[in-house]
Amino acid sequence: MRLFYLVLSYLLAPFVVLILVWKGLGNRDYWERFEERFGFGHSRTRRPAVWLHAVSVGEVMAASSLIRALRAEFPDLPVVVTTVTPTGARRVADLFG
């Protein structure tokens, strides 16, 4: 079953790229951090970090308590949050800087 989903995701990836480019024509924010949507984002830290990926604003809000708990428990551990939507990225910036 894993192989099926892997092949399906590779087959659908070009269409996802086209959709994101199309959305970017109307909202240029979709072209920022384009690589994050496909797991190729880069961290701004060279140290080991916890990486959380939230697709949308709803997932950012759901993950915010986890992020706060991680930051409180491990203040020296960087937490990297990537998103798919520009509104999700803005929400992360609003919540955590």
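Of all residues in the range 35-80, those satisfying the criterion of being out of contact with any Leu (no Cβ under 9 Å at 6 or more places or on another chain) and polar (S, T, N, Q) are SER43, THR45, SER56, SER65. Just one of (1) open to solvent by 70 Å² or more (accessible area, probe 1.4 Å); (2) touching a residue at least 24 places away in the same chain (Cβ under 8 Å) fails for MET1. It is (2).
Candidates in the range 32-47 are the residues that are surrounded by fewer than 14 Cβ atoms within 10 Å (Cβ to Cβ) and under 9 Å from the mean Cα position of the chain (by Cα); of these, the one that is modelled with the highest pLDDT is PHE38. For first residues located in the range 50-63 and within 10 Å of VAL84 (Cα to Cα), partners that are basic (Lys, Arg) and lie 6+ apart or on another chain with Cβ distances below 6 Å form the pairs VAL57/ARG91.
In the range 73-97, what residues are open to solvent by 80 Å² or more (accessible area, probe 1.4 Å) and of a type outside the set (Lys, Arg)?
We begin by selecting, within the range 73-97, every residue open to solvent by 80 Å² or more (accessible area, probe 1.4 Å); these are 73-76, 90, 94, 97.
Scanning the range 73-97 gives GLU73, PHE74, PRO75, ASP76, ASP94, GLY97.
Examine the range 70-79 for a residue that is touching a helix residue (DSSP H, G or I) at 6+ places or on another chain (Cβ under 7 Å), among the hydrophobic types (A, V, I, L, M, F, W, C) and outside any loop (DSSP other than H, G, I, E, B), and state whether such a residue exists. Within the range 70-79 (the criterion being touching a helix residue (DSSP H, G or I) at 6+ places or on another chain (Cβ under 7 Å), among the hydrophobic types (A, V, I, L, M, F, W, C) and outside any loop (DSSP other than H, G, I, E, B)), the answer is yes, since at least one residue qualifies. Taking the conditions exactly as written (open to solvent by less than 60 Å² (accessible area, probe 1.4 Å), under 21 Å from PHE96 (Cβ atoms), β-branched (Val, Ile, Thr) and under 17 Å from the mean Cα position of the chain (by Cα)), does VAL50 satisfy them or not? Criteria met by VAL50.
The values are calculated or read from the model by the stated rules, or taken from the named source; none is laboratory data. Values in this document were obtained by computation on a predicted structure and should not be read as measured data. No Cβ is skipped: glycine too gets one built from the backbone with ideal geometry, and neighbour counts run over all protein chains shown. The protein model used for the area step is the full one, side chains on, heavy atoms only, and it has no ligands, DNA or RNA in it. Shrake-Rupley method; radii C 1.70, N 1.55, O 1.52, S 1.80 Å.
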